[in-house]
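See structure below.
What follows is calculated from the coordinates using simple rules that are stated; it is not laboratory data. Keep in mind the model is a prediction, meaning the values are calculated, not measured. Here the Cβ positions follow ideal geometry from the backbone for every residue, glycine too, while neighbour counts run over all protein chains shown.
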Amino acid sequence: MITTGRAPAPDDAGTASTPELRFPAGFWWGAATAAHQVEGNNTTSDWWTREHRRDSDLPEPSDDAVDSYHRYPEDVALVADAGLGMYRFSVEWARIEPEQGSFSRAQLDHYRRMVDACRTRGVEPMVTLHHCTNPLWFARRGGWREDDAPDLFARYVERVLPVLDDVTWVCTINEPNMLASLRDWEAVEMLASRRPEPDVHVAEVLVRAHRGAREVLASSGGLLTGWTIGTQDFQPLPGAEDVARDYGYYREDFFTESAAGDDFIGVQNYSRTVIGPDGPLPLPPGVETNILGWEYHPAALGNALRHSWELGRGTPLIVTESGLATRDDERRIDHTAAALEGVRAALDDGVDVRGYLYWSLLDNYEWGSYDPTFGLVAWDRETFERRPKPSLRWLGDVARTGVVPSRPRARGSAA
Ligand code: BGC
């Protein structure tokens with residue numbers, strides 16, 4: 001959480017246009033996805049089971065998703081053709097180890113082909129080893145509550161090593177802070193303002209799993225390894241600094257502190273939460289939100305980066321997720337341009353930010369629903385045909401030139 005104690009500010013600098021921003025050569029530009037959200041038919045995972053329970057709490061199942069399991073060459077081509085340099089995707093533990101101790105060589109080969117597809121197209125792969133879903137067998141035996149969970153994860157990571165041959169960037173666990181907070185991954189909409197009490201034991205097990213995985217990965221040499229943390233910009237009202245500090249500690253800060261000294265920390269931010277004397281405050285009426293009801297507040301990204309930089313004690317950062325669930329693609333571009341202002345300002349202040357990956361490349365399965373569209377690319381629900389949005393071209397131009405052009409600061413309605 002932000003400890004400056006300053007009052008929550010409006011999301012823009014009050015000027016009519018955003019400034020033109022120049023980014024350094026070598027800064028990574030890209031887009032991200034996660035296996036369960038785009039591949040389809042992840043049938044051996046805990047999420048699939050939850051989606052298909054007769055009394056499922058989720059509005060709709062993922063089913064074929066975007067069929068990226070088969071169409072990943074098209075996805076990689078979209079990234080490459082747009083001019084983006086990096087593609088973050090995840091490999092699915094539930095496919096690679098569908099039953100405890102049974103590893104699928106065919107699935108490992110599949111993911112190896114994805115890395116090859118990136119390399120062939122000149123795209124830098126960033127591979128996430130765990131993104132929200134667990135193999136069903138792992139969840140059934142207690143998941144991350146069990147003390148031996150880190151050993152089981154390490155054994156899986158060892159099997160993935162051949163996939164990572166010639167990969168540089170590897171994320172061990174995505175948003176461990178969410179895994180520790182959301183018992184059965186309650187509806188993601190909850191993230192808007194409140195997060196359930198985190199389970200400290202699970203948090204500690206996850207840190208051990210992360211460290212164990214980094215050790216396994218170190219045996220391969222040449223990898224940059226870290227984890228990616230959901231970093232809400234917690235903004236205390238004056239006088240609520242201690243409340244915000246306590247509220248944020250096991251929800252986020254513990255995980256960022258634990259990552260100090262890693263090769264990088266992935267920072268993922270979508271919005272802010274204002275904290276009053278009794279905890280998170282509801283949004284005031286009339287505030288612009290995304291489709292999920294999260295406040296439109298692109299300035300949160302810069303705050304999240306500064307906070308992570310402080311807690312990570314100088315560990316390099318990379319924005320591994322940032323984006324807007326909206327039907328209005330122009331508003332997506334506004335949001336990205338404004339979020340990048342915060343990134344540029346953080347760089348100016350000496351924060352070592354290595355890149356910016358937009359979430360998400362594709363409209364995808366948002367943990368219960370296809371309605372919240374975060375993508376740079378839409379797709380046809382019948383044919384899976386990919387339909388790039390103007391924002392893909394816009395971000396690609398930024399990547400190619402290193403320049404974010406000035407834009408009028410529009411007022412809008414993202415939802
Ligand atoms: C997760 C993604 C998710 C995104 C938007 C992050 O919490 O890593 O899987 O789709 O936020 O909700």
Inset, instruction - Quick one: work out Rg over Rh on the C-alpha atoms of region 263-381, Rh as Kirkwood radius. - result: 0.99
Legend entry - Binned Cα-Cα distances of region 21-404, short to long, each 20 Å bin given as a whole percent: 30, 63, 7
Legend entry - Ordering of 166-174, 51-59, 151-159, 214-222 by burial proxy (mean other Cβ atoms within 10 Å per residue, highest first): 166-174, 151-159, 214-222, 51-59
Inset, instruction - Counting helices only, and only those DSSP H runs with n ≥ 4, report the 222 nm mean residue ellipticity of the chain as the sum of -39,500 (n - 2.57) divided by its residues, in deg cm²/dmol to the nearest 500. - result: -10500 deg cm²/dmol
Inset, instruction - Compare the peptides 225-233, 247-255 by average per-residue count of other Cβ atoms within 10 angstrom and give them in order, highest first. - result: 225-233, 247-255
Inset, instruction - Only Cα pairs under 8 Å and at least 6 apart count here; give the relative contact order of region 21-404 as a rounded whole percent. - result: 19
Inset, instruction - Please compute the net charge surrounding residue 64, taking Lys and Arg as +1 and Asp and Glu as -1 over other residues with Cβ under 11 Å from its Cβ. - result: -2
Legend entry - Peptide ranges 348-359, 75-86, 112-123 listed from the most packed, as the mean C-beta count within 10 angstrom indicates: 75-86, 348-359, 112-123
Legend entry - Test item: Cα-centred dipole of the chain, Lys/Arg +1 and Asp/Glu -1 on Cβ, debye: 680
Legend entry - Mean-position separation - Cα centroids, region 218-246 and region 124-161, in angstrom: 21
